[in-house]
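The structure appears right after this line, and notes come after that.
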Amino acid sequence: MRIPAMLALGLALVPLPALAAPPQGAPEDRRFIRDTEIERRNQRVTAQPLEVRLDAPAWYAEGDAPSVRFTISNPNSHSVWVLRWELPTTERAERDLFQMHRNGVEVTYEGRLTKRVEPRAIDYVEIKAHDSYSVVVDLSADYDLDSAGDYRIQFRQPQLPVRTALAAATPSMIAPDGEGKLPSVLPTHVAEVREAVSAQFFFPGVPAELARKEQAPDQSLVGSYSGCTTTQKSQLSTAHANAKTMTSKALTWLNGHTSGGGLYLTWFGAYNSSRFSTVKSHYTKILDEFNTKTVNFDCNCTDSGTYAYVYPSSPYKIYLCGAFWRAPSTGTDSKAGTLVHESSHFTVNGGTQDYVYGTSGAKSLAISNPSKAVMNADNHEYFAEYQ
Ligand SMILES: [Zn+2]
């Protein structure tokens, strides 16, 4: 179920960035049309940026947990609703929220990258007028703090997709058909984020016996399953075969269109040889994964708002969640496409990110920033699904 465009109208913060027209010949996409309609009806009204501060001690002693306090404040005279995965919470992070440096060198994110369903009303955190949201984050859960050094940490997001109205519309939006099918409630605006205070500290590292070890690919038999029912195993086996087919078709398409255009233009944007070969190398490695590597599936996650997630530095293990089982076998946001999406995140396959989600976001990114599009997981998924 989709919400009518009228309901998605918020009042006023900063409107979402304009979406460019789809390239000619691109497949018709109802979601894209709906988003542009919302866009046209929004009025540009500016507001105060949200303010982020990160508080940490100047140094940590041996054995201390490297915890920082994250606070985001809303100086506006109205509430702002932020998607909860755009903010640190007391749960494990779902994406790389912080940019961290140790002695000037960027520290890698080792946490999850998650593919979610479109936002629903329950996925927003309200920050009331002149109020703030604050949480203590243990950085060692998702970042490599094994070595001693001077650390600097900043919030990554210069802008956050938000809503400026939610409560009034909520009762009629929550359909009585179970949490799994809650209607999408998309962000309507973008809030600028101003970093008021960033954290800098000395951390002594962790003792060698507790340090993270490079996780080698799992060497168990092809198709190892954890916590999967017989039905799920069978669905995964089919999804794996379909993912192999669509990846193979994607590669064939690229080999036959060596100067881009068409589907490449839609999902990866304007052609240049280095971006094109980046994309080709990603699909080559993903196909090699599906053809020759041991892919391990874990079905223990039940979150209905999540399709799947991986730890990019741990190939080839894919965690499937509630939304995955509701997805169609093939086509847009399908089971097979989700496996392509997740596999593209593995560092050994090229290490894509989740800069944007969804077909309209992916198409816009291809137009506005092809360099990011060729490193965005959903763009790889959709290019393969549209084969
Ligand atoms: Zn992802």
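Read-outs: derived from the displayed coordinates by stated rules, not from any lab. Fair warning: this is a prediction, and the values are worked out from it, not measured in the lab. So basically every Cβ, Gly included, is an ideal-geometry build from the backbone, and we count neighbours across all protein chains shown.
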query = Sorting Tyr319, Tyr382 on the 10 Å Cβ count, fewest up front, what's the list?
reply = Tyr319, Tyr382
Calculated FRET efficiency for the pair Ala270/Glu91, C-beta based, R₀ 45 Å, to 0.05 = 0.70
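In which sequence would Met375, Met246 go, from the one with the fewest C-beta neighbours within 10 Å to the one with the most? If you can, show how the numbers build up before the last one.
Numbers: Met375 21, Met246 26.
Fewest-to-most Cβ neighbours within 10 Å comes out as Met375, Met246.
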query = Given H placed on each backbone N at 1.01 Å, which residues far from Arg156 in sequence or on other chains put an amide H within less than 5 Å of it?
reply = Phe98, Gln99
ask   = Regarding the range 308-351, what are the three Cα extents along the principal axes, ordered largest first, in Å?
value = 28, 18, 10
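Among His240, His345, His101, His189, which comes first, then next, by fewest other beta-carbon atoms within 10 Å?
Fewest to most other Cβ atoms nearby, the residues stand as His101, His240, His189, His345.
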